[in-house]
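Chemist: This is the structure I want to talk about, given as structure tokens.
The values are calculated or read from the model by the stated rules, or taken from the named source; none is laboratory data. Computed from a prediction, not measured in an experiment: that's the story for all the values here. Methodologically, a virtual Cβ is constructed for each residue, glycine included, from the backbone with ideal geometry; neighbour enumeration extends over all protein chains shown. Accessible surface areas use protein heavy atoms only, side chains included; no ligands, DNA or RNA. Shrake-Rupley method; radii C 1.70, N 1.55, O 1.52, S 1.80 Å.
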Amino acid sequence: MSQPENFTAPLSADITPCDTLQKFLFENNPVRGELVDLSACWQEVQERHNYPAEIQTMLGEMLVASTLLSANLKFQGTIIMQIHGDGAVKLLVAECSTAANGAMKVRATAKLSEHTVLDPQAGMQALINANGQGRFLITLDPDDKLPGQKPYQGIVPLDGEEISTVIENYMLRSEQLDTKLWLAANRQVARGLLLQKLPSTGGVMARQDSATEAERIERENNMWQHAVALGSTLKREEMLSTDIATLMRRLFWEEDLRVFEPQSVQFHCTCTREKVGSMLKMLGVDEVGSALAELGSLHVNCEFCGQAYTYDAVDCAQLFLADSSAAVQVQQDLKH
């Protein structure tokens, strides 16, 4: 296939398509897009867990979606995407953080009900929302929060038969943004495409446009529908078997695109011994002391990366060192 003159190659020959997010804009069309390949990151997530195929699909697609949405945020920080279920699947979590240089870091985890055998024929709603109490949450946590400022959190019912539909409904309901997602994941691959309709331009450009407001709105809606129609030709099997540079050429080779520098994406877990210690302090001296008396030492594994942290009596006493009476209480609990 020959490359059209109006197409700018999204990735140079020396850039690996894995672990890459590619932004682009449709020229003279109020639509932005992103393609992402997280295959290497996704495999790192799974090296630390043994998820069944049904969870691989849902969690991999969530990880892709969190990265796609994070790329459009206008702050440095983390987007945390969660699905709380009331069925066989209790929790799905995907996180993506963005640094000042544009580098992105991701991690993900899932929690299943104990002794659960998943039905391979069951859909997402049956696995997560069996009793209608499932919830979808997005948390935006900027790095430069002001004192006392809390992260923004949006919570909606679990509305949709697929991860992509749930997120599209959230974006339209909570952010008033027309958004379309195409997501695909298996054990080896995790890729996705996002198209989003930009807010009406207005301002000077609108005043210079001879069309009426109604005509301009209709034209923008037609452009949006055209972009969605192109994206809708993308099939799951094609996404799983094709790198994102080739996908862009196949989908938009007739379009006039403005393509930006690709952003790198890496797997990274933010757990530290200090954070685990803070969690233990939140449990309180009585509970920590009781657990130590029973177990001798505390062993905590990070649910994201599997890193093990061990705290003996001395370690736990030091956690409460600022409160001397609490540290003494830990020691006393160990003697009884």
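Chemist: Looking at 192, 160, which one is in a strand (DSSP E or B) and closer than 30 Å to residue 248 by Cα?
Modeler: Only one candidate passes the filter, namely 192.
Chemist: Further question: So for the stretch 133-149 (the condition being within 30 Å of residue 251 (Cβ to Cβ) and in a loop (DSSP other than H, G, I, E, B)), does at least one residue qualify?
Modeler: Step one: of the stretch 133-149, the residues within 30 Å of residue 251 (Cβ to Cβ) are 136, 138, 140.
After this cut, where a residue has to be in a loop (DSSP other than H, G, I, E, B) as well, the list is none.
No - not one qualifying residue is present in the stretch 133-149.
Chemist: A further question on this structure: Exactly one condition in (1) in contact (Cβ under 8 Å) with a residue 60 or more places away in the chain; (2) surrounded by 16 or more Cβ atoms within 10 Å (Cβ to Cβ); (3) in contact with a Lys or Arg (Cβ under 6 Å, 6 or more places away or on another chain) is false for residue 309; which is it?
Modeler: Answer for residue 309: the failing condition is (1).
Chemist: Moving on to the next point. Of everything in the stretch 27-45, what is part of a loop (DSSP other than H, G, I, E, B) and open to solvent by 10 Å² or more (accessible area, probe 1.4 Å)? Give them in sequence order.
Modeler: Result: 27, 28, 29, 30.
Chemist: Go through (1) assigned to a helix (DSSP H, G or I); (2) within 13 Å of residue 194 (Cβ to Cβ) for residue 56 and report which single condition fails.
Modeler: Result: residue 56 fails condition (2) only.
Chemist: Are there helices (runs of 4 or more DSSP H) fully within the stretch 247-323 with at least 1 residues that are in contact with an Asp or Glu (Cβ under 6 Å, 6 or more places away or on another chain) and over 27 Å from residue 48 (Cα atoms)? List them.
Modeler: 285-295
Chemist: Give me the residue from the stretch 212-246 that is hydroxyl-bearing (Ser, Thr, Tyr) and assigned to a loop (DSSP other than H, G, I, E, B) and, out of that set, farthest from residue 182 (Cα to Cα). Write out each step before concluding.
Modeler: Here is the first cut: in the stretch 212-246, the residues hydroxyl-bearing (Ser, Thr, Tyr) are 212, 232-233, 241-242, 246.
Checking the rest, the ones that are also assigned to a loop (DSSP other than H, G, I, E, B) come to 212, 232-233, 242.
Details: 212: 34, 232: 8, 233: 10, 242: 14 Å.
Among them, the one singled out is 212.
Chemist: Residue check: is residue 233 open to solvent by less than 30 Å² (accessible area, probe 1.4 Å), in contact with a helix residue (DSSP H, G or I) (Cβ under 9 Å, 6 or more places away or on another chain) and within 22 Å of residue 164 (Cα to Cα)? Explain how you work it out, then say what you get.
Modeler: Details: open to solvent by less than 30 Å² (accessible area, probe 1.4 Å): no; in contact with a helix residue (DSSP H, G or I) (Cβ under 9 Å, 6 or more places away or on another chain): yes; within 22 Å of residue 164 (Cα to Cα): yes.
Against the criterion (open to solvent by less than 30 Å² (accessible area, probe 1.4 Å), in contact with a helix residue (DSSP H, G or I) (Cβ under 9 Å, 6 or more places away or on another chain) and within 22 Å of residue 164 (Cα to Cα)), residue 233 does not qualify.
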